[in-house]
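Chemist: Let me begin by handing over the structure; questions about it come next.
The values are calculated or read from the model by the stated rules, or taken from the named source; none is laboratory data. Computed from a predicted structure; not experimentally measured. Cβ placement follows ideal geometry from the backbone for every residue including glycine, while neighbour counts extend to all protein chains displayed.
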Amino acid sequence: MKHTLSVLVEDEAGVLTRIAGLFARRGFNIESLAVGPAEQNGVSRITMVVFGDDLAIEQVTKQLYKLINVLKVQDITEVPCIERELMLLKVNATSSNRSEILELAQIFRARVVDLGEDALTFEVVGDPGKMVAIVQTLSRFGLREIARTGKISLIRESGVNTEYLKSLEAKV
């Protein structure tokens with residue numbers, strides 16, 4: 001099962017290397033990793049997506065707390081969260097299919113950031129499911145390049161579980 005971990009660390013050289021080393025030693029593959037400054041000066045937030053069962057994630061969490069510079073570790077997989085990802089997507093585009101590609105991209109609220117003679121580059125922001133959907137939709141035109149940031153996530157203060165709400169809408 002995929003787990004999303006949110007880790008607050010002191011912003012010092014080598015912290016990310018020690019964390020990545022811990023995961024490598026335990027045989028975990030980090031599927032997604034995003035690091036950036038947190039709300040407090042000198043603190044960074046690492047958001048990572050890893051595969052593992054609950055017991056393995058619990059063990060790795062305990063190991064993370066043993067590392068110097070790790071302040072807080074949360075498994076936010078089952079917690080209502082806001083999740084976003086950024087993707088740049090370059091698609092083949094001829095004069096005959098350019099308008100169709102633009103119409104499809106508009107459905108996903110993708111923004112054109114570069115226009116070439118035979119390609120379009122889009123900026124897409126949204127949840128990871130949106131990223132998969134637009135890639136599937138535009139792949140028939142030929143994808144040239146994709147660059148993704150990895151998922152970032154914050155816990156919803158409202159406690160509203162949008163995944164639960166989506167499942168209710170699907171039943172209606």
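Chemist: Can you find a residue that is of a type outside the set (A, V, I, L, M, F, W, C), in contact (Cβ under 8 Å) with a residue 40 or more places away in the chain, assigned to a strand (DSSP E or B) and over 22 Å from residue 142 (Cβ atoms) anywhere in the stretch 11-20?
Modeler: No, the conditions are met nowhere in the stretch 11-20.
Chemist: Among the listed residues 148, 144, identify the single one that is over 15 Å from the mean Cα position of the chain (by Cα) and of a type outside the set (S, T, N, Q).
Modeler: The match here is 144.
Chemist: Please determine, by comparing only the residues of the stretch 95-135 that are acidic (Asp, Glu) and out of contact with any Ser or Thr (no Cβ under 6 Å at 6 or more places or on another chain), which one is surrounded by the fewest Cβ atoms within 10 Å (Cβ to Cβ).
Modeler: Among those that are acidic (Asp, Glu) and out of contact with any Ser or Thr (no Cβ under 6 Å at 6 or more places or on another chain), it is 117.
Chemist: Condition first: under 26 Å from residue 129 (Cβ atoms) and without any contact (Cβ under 8 Å) to a residue 24 or more places away in the chain. Now tell me which residues in the stretch 76-97 satisfy that.
Modeler: The first filter runs over the stretch 76-97 and keeps only residues under 26 Å from residue 129 (Cβ atoms), leaving 76-93, 97.
Answer for the stretch 76-97, where residues must be under 26 Å from residue 129 (Cβ atoms) and without any contact (Cβ under 8 Å) to a residue 24 or more places away in the chain: just 78.
Results for (1) assigned by TED's automatic domain parsing to the domain that holds residue 27; (2) under 26 Å from residue 1 (Cβ atoms); (3) aliphatic (A, V, I, L, M), shown as yes or no for each residue.
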{"residue": "50", "(1), (2), (3)": "yes, yes, yes"}
{"residue": "64", "(1), (2), (3)": "yes, yes, yes"}
{"residue": "100", "(1), (2), (3)": "no, no, no"}
{"residue": "115", "(1), (2), (3)": "no, no, yes"}
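Chemist: Taking the condition under 26 Å from residue 2 (Cβ atoms), modelled with pLDDT under 95, small (Gly, Ala, Ser) and surrounded by fewer than 16 Cβ atoms within 10 Å (Cβ to Cβ), does residue 14 pass?
Modeler: Judged against the criteria, residue 14 is not a match.
Chemist: Now for a different question. Can residue 73 be described as β-branched (Val, Ile, Thr), in contact (Cβ under 8 Å) with a residue 12 or more places away in the chain and not in a helix (DSSP H, G or I)?
Modeler: Criteria met by residue 73.
Chemist: Which condition breaks for residue 86 when tested against (1) under 13 Å from the mean Cα position of the chain (by Cα); (2) not assigned by TED's automatic domain parsing to the domain that holds residue 147; (3) not aromatic (Phe, Trp, Tyr)?
Modeler: With (1) under 13 Å from the mean Cα position of the chain (by Cα); (2) not assigned by TED's automatic domain parsing to the domain that holds residue 147; (3) not aromatic (Phe, Trp, Tyr) applied to residue 86, the lone miss is (2).
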